[in-house]
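For reference, the structure discussed in these notes is given below.
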Amino acid sequence: ELEELMKRGMRNRSTCATNMNAHSSRSHMVLSVQVTCHDLLKGGTAFGKMHLVDLAGSERLSRTGATGERLAEAKNINKSLSALGNCIQALHSKAKHVPFRDSRLTHLLQDSLGGDAKMLMFVC
């Protein structure tokens, strides 16, 4: 079931060639896994959530040669990556306000970035 969802997500993912990359990803991909565990002996319930996120790469607009729809996509990618960076910086500096609502990505990941959540990032 999970494998089929991953395949469906990959089919829906947008890619396009730019001057910088032959297969440039034009969208982020988020796979959210939520698990609820019921302890039948003690009657307790535990809940966990994990997001696997593949971020589209940031691009210098002047070097990609993107125009029209591709240019708008690149601007949106850069904006959401900047918003993610702003949230991480605000959390790190313990700011009173963390701008989670600045993008759909940060709003979606809000409960996984703040509080007592754990985050692990791989950069490839």
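Quick look at the numbers
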{"item": "Length gained when the stretch ARG104-LEU2 is fully extended (0.36 nm per residue, less Cα-Cα span)", "result": "34.4 nm"}
{"item": "Burial ranking of peptide ranges 79-85, 5-11 (average Cβ count within 10 Å, highest at the top)", "result": "79-85, 5-11"}
{"item": "Length gained when the stretch ASN76-MET50 is fully extended (0.36 nm per residue, less Cα-Cα span)", "result": "6.9 nm"}
{"item": "Candidate lysines for bridging to LYS96, where Cα separation is under 23 Å - those fewer than 8 sequence places away on the same chain excluded", "result": "LYS79, LYS118"}
{"item": "Residue order for VAL98, VAL123, VAL53 - accessible surface, 1.4 angstrom probe, largest first", "result": "VAL123, VAL53, VAL98"}
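The values are calculated or read from the model by the stated rules, or taken from the named source; none is laboratory data. What you see is a predicted model, and the numbers here were worked out from it, not measured in a lab. Glycine gets a Cβ as well: all are built from the backbone with ideal geometry, and neighbour counts include every protein chain shown. Each accessible area value is taken on the protein alone, full model and side chains, heavy atoms only, with ligands, DNA and RNA left out. Shrake-Rupley method; radii C 1.70, N 1.55, O 1.52, S 1.80 Å.
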